[in-house]
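Here's the structure we're looking at; comments come further down.
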Amino acid sequence: MDPMIGRPLADLDTPSLCIDLDIFESNIAAMAGYIADCGKQWRPHAKCHKSPAIAHRLLQAGAIGVTVAKVSEAEVFIRAGVRDVLIANMIAGETKVNRVAALCRYGDPIVAVDHFAQAEALAAACRKLGVTCRVLVEINIGMDRVGIRPGPDAIELAHGVDRLEGIRLVGVMGYEGHLLRIEDAEEKRRKIDSAIGLLEEARDRMQREGICADIVSAGGTGSYQFTSHCPAVTELQAGGGMFADPFYIEQCGVQGLSPSLTVLATVVSRPMLERGIMDSGRKTLNGELHMPVVKSTVAGRSLPDATVTALSAEHGFLKLGPESQDLTIGDRISVIPGYSDFTTVLHDRFYGIRDGVVEVVWPLEARGCLQ
């Protein structure tokens, strides 16, 4: 057992990555309930947490599995007993396809493909081992990142994949990530409906032509409250809502969730009355999509006019208004990461906090899994 379990939050050294367990559990329940009420399944992306312990919490809340980006991540989660893993990425190269084929002996992975060459190589590796791997055709629905063109190209690929022995085509996927930050709710809904409509058209034609399209997978945290209502979608990949970063709340308009993730930091310098320096910089927090937000001190005192203005490698720069200028060197503050996906991967473990006490310590076992 980790020696910090049962200790007060104030005993943690800084910087430390902390989860408010009450808020975290409330967010999970809200997401699971919303998606279930829409008649969909939930396969939350693990990129925000990288932790099998958290994945099992999500399964207990009703998730059917997890989504990952890398083969090495899938290996971690399947090894930890999470059998149903979608690798929502293109897999290329002999080493990787052999690893995916081997995973089929212990779990039930799904792999996304957008070209016949990917499918052909994976099928050959699976035939050698006598296993079968599930496959989704990824369609470009406007993100312009990966995915085959919708329409005839997608259907042609689906036919080719469907004929290969060693893999089993089970549906399609797409990501409407280019629409997350549309401010007007009606415009956002309309454009998401249009993007997901491309998946629906592919599914309908595949089914008419005798090709399995049981799964239609889509939906990130910034769009799940819209995408969940799209009739064709069968499962949502939204995962980051469990932490409910300011990026999702303020830039994507996600409602009904609250930030649960913080970094506990220490004020280490006070060079000016209106400026403080904390021991958490770019190696602790990431400010690319949204700057971190100061929450409170350990004692719970509000800091309504303290803001993070810049990050260097090891330091965070605080602008202090009149109500925060009594911060002193050694004071602890809690900082909400602007976007958890880019922050959690900088840490080895989460400290789960309830009522001011460390209740659990969860290692990020898939951290650094880039292959």
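Modelled spin-label separation between S258 and R105, with each label point placed 7 Å from Cα along the Cα-to-Cβ direction: 4.8 nm.
Placing +1 on the Cβ of every Lys and Arg and -1 on the Cβ of every Asp and Glu, with nothing else charged, gives the stretch 32-150 a dipole about its Cα centre of roughly 260 debye. Database remark: amide H of V358 closer than 5 angstrom to the amide H of G6, R7, L9 (H placed geometrically; neighbours at sequence offset of 5 or more, or on other chains; Pro and chain starts carry no H). The length gained on full extension between V357 and D144, counted as 0.36 nm times the residue separation minus their Cα-Cα distance, comes to 72.2 nm.
Using a cutoff of 8 angstrom between alpha carbon atoms and counting only pairs six or more residues apart, the relative contact order for the stretch 53-129 works out to 27 percent. Within straight-line reach of K319, meaning a Cα separation under 30 Å, sit the following lysines at least 8 residues removed in sequence or on another chain: K283, K295.
What is the extension gain from E94 to E165, computed as 0.36 nm multiplied by their sequence separation minus the C-alpha to C-alpha distance, in nm to one decimal?
23.8 nm
For the chain, the relative contact order is 21 percent, taking Cα pairs closer than 8 Å that sit 6 or more residues apart in sequence and dividing their mean separation by the residue count. Alpha carbon centre of the stretch 334-358 versus the stretch 1-63: separation in Å? Taking the Cα centre of the stretch 1-63 as reference, the centre of the stretch 334-358 is 11 Å away.
Whole number please: convex hull volume per residue, Cα atoms of the stretch 44-89, in Å³. Intermediate results must be reported in sequence, preceding the final value.
Details: hull volume 2.6 nm³, N = 46.
Considering the Cα atoms of the stretch 44-89, their hull volume per residue is 57 Å³.
Simple rule: put +1 on each Lys or Arg Cβ and -1 on each Asp or Glu Cβ in the chain, find the dipole, and look at L285, L169, G142; the Cα lying farthest toward the positive end is L169. Length, then width, then depth: along the principal axes, the Cα atoms of the chain run 70, 47, 35 Å.
Using every pair of separate Cα atoms, the Kirkwood estimate puts the hydrodynamic radius of the stretch 157-308 at 18.6 angstrom. Put simply, the amide H of D114, placed in the peptide plane, has neighbours under 5 Å in E138, leaving out anything fewer than 5 places away on its chain.
Near the amide H of T67, within less than 5 Å, lie the amide hydrogens of H45, A46, L86, all on another chain or at least 5 residues away, with H placed in the peptide plane.
Computed 3J(HN,Hα) for the stretch 139-151, one whole-Hz value per residue from the Karplus formula 6.51 cos²θ - 1.76 cosθ + 1.60 where θ = phi - 60°, is 10, 6, 9, x, 5, 6, 10, 10, x, 6, 4, x, x, glycine and proline marked x. Counted over the chain, the DSSP beta bridges are approximately 55% antiparallel. Each part gets one Cα centre, and for the stretch 198-262 versus the stretch 264-278 those centres are 40 Å apart. In the chain, the calculated helix contribution to ellipticity at 222 nm averages -8500 deg cm²/dmol per residue, counting -39,500 (n - 2.57) for every DSSP H run with n ≥ 4.
Largest GNM mean-square fluctuation across T284, T14, T328, computed for the chain with C-alpha springs under 10 Å, falls on T328.
Mind checking the dipole of the chain: about its Cα centre, +1 per Lys or Arg Cβ, -1 per Asp or Glu Cβ, Debye to the nearest 20?
That gives a dipole near 800 debye.
Using a Förster radius of 35 Å, what is the FRET efficiency between Q41 and T328 based on their Cβ-Cβ separation? Nearest 0.05, please. Working from the Cβ atoms, E equals 0.10.
Taking all Cα-Cα distances within the stretch 227-371, those exceeding 27 Å account for 26%.
Across q = 0.21, 0.22, 0.23 Å⁻¹, the stretch 38-170 modelled as identical point scatterers on its alpha-carbon atoms has Debye log10 I(q)/I(0) values of -1.22, -1.29, -1.34, in the order of the q list.
A short reminder: the numbers here are calculations on the coordinates, not readings from a lab. Just so you know, these numbers come straight off a predicted model, no measurement behind them. Cβ: placed from backbone, ideal geometry, glycine included. Neighbour counts: every protein chain shown.
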